[in-house]
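Data block below; observations after.
The values are calculated or read from the model by the stated rules, or taken from the named source; none is laboratory data. Keep in mind that this is a model prediction, so the values were computed, not measured. Heads up, the Cβs are rebuilt from the backbone with ideal geometry, glycines too, and the neighbour counts pull from every protein chain shown.
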Amino acid sequence: MKTQNPFEGMEPPKAPASLRPIVLQSFDSSIEFESLDVWERIWASRRLRFAWLFTVAVLLLMNVVPSLFSSTSPLRAEGSRAQRRHQLEASAIGFQGPTLERLVSSSRSASLKDQLELLAILEGRQ
Amino acid sequence: MSAVSQTLWLTEVLASTNEDEIKNTWLDFVGGRPNGGPGLYDLLADELYGLALWTTGSADDACDVVQTVFLKLLERRPALGRVRHPRSYILRMTRSASIDVLRRRRPTIDVAEVEIPILASDPARRVDARRISQLLIRLPPNQRATVYLRLFSDLSFRQIGVITGAPTFTAASRFRLALQRLRTWVERPKR
């Protein structure tokens, strides 16, 4: 063995001919060859799945985040509408100045103490 | 262009043509076209069988490995569209399936009775081929696989590293060590 490559002039044996029909038969019996439709391709593609997930996440964020931090969020808008209604009702009854302010603010976040004071004011008025 | 560079250029052209053919057939296979499976088998079966044979040391096991690999390819077919280097991917599957076979039957293997056949068309080389067939099994499976992939699949050490799950340097080192050992064993037979 004088050559640098001991395998020079040699080659490994080829796959036996009997193997081919066995493998091809298992191909036929295992699966029907049919073209993948577009949904299968999308489902099989990791990139497309990530893109879909990313898009959904971005849409959710775009919907949720502004409504949390915006001054015109539905919750705040509803609160300010209720406050204005209370203000109109209180001024229609005849409350004015600091009493009106207090009445309106207590209707928004009324503690027990505020409610008692409000009751006393109303009773005194009557 | 010198004769050597012409030969090198021709080798590269043939290699890239073969790779392109494998990639096209792979796309047929992944796309579910009827000629994809048989085409892929015809292009790669010998190479996969050789690698499995060199790793397991058994013709029967090598046949099982090739069959297993193609069945797994069928199972994974819908997800194979993202594979960019089909040949390396299938060789890696083959290597992995061969190692599984080795792990399962390790307690029962008798190294002294196993030969890994290698053929020589030149009568003058047949004695050496016979001797190497007997010696190959004494190499660790990783070294045998590395030698096979380098010499017969004509892959770079980087590609071999990817297939065998080892760094490039380790692949090169395994190859060098395997050839060194074989030369030593052939020149100085074990007493």
Review point. Do we have B:R84 as outside any helix (DSSP H, G or I) and either more than 10 Å from every other protein chain (Cβ to nearest Cβ) or surrounded by 17 or more Cβ atoms within 10 Å (Cβ to Cβ) (or both) here?
Key: yes
Exercise for review: For B:S58, work out the one condition from (1) small (G, A, S); (2) facing chain A (nearest Cβ under 9 Å); (3) on the phi < 0 side of the Ramachandran plot it doesn't fulfil.
Suggested key: (2)
Practice item. Check whether at least one residue in segment A:8-17 is outside any helix (DSSP H, G or I), loosely packed, with under 10 Cβ neighbours inside 10 Å and at pLDDT 75 or above, and report yes or no. Key: yes
Revision key, fill the gap. Taking first residues from segment B:25-36 that are over 19 Å from A:S45 (Cβ atoms) and second residues anywhere that are in a helix (DSSP H, G or I), the pairs with Cβ under 6 Å that are 6 or more apart or on different chains are B:T25/B:G39; B:T25/B:L40; B:T25/B:L43; B:N35/B:D28
Exercise for review: Can you confirm whether segment B:98-116 contains a residue that is buried (at least 22 other Cβ atoms within 10 Å of the Cβ), within 12 Å of chain A (Cβ to nearest Cβ), within 18 Å of the chain's Cα centre (by Cα) and at pLDDT below 85?
Suggested key: yes
Practice item. Being surrounded by fewer than 20 Cβ atoms within 10 Å (Cβ to Cβ) and more than 19 Å from B:G57 (Cβ to Cβ) narrows it down to one of B:R131, B:R181, B:R176, B:R138, so name that one. Key: B:R176
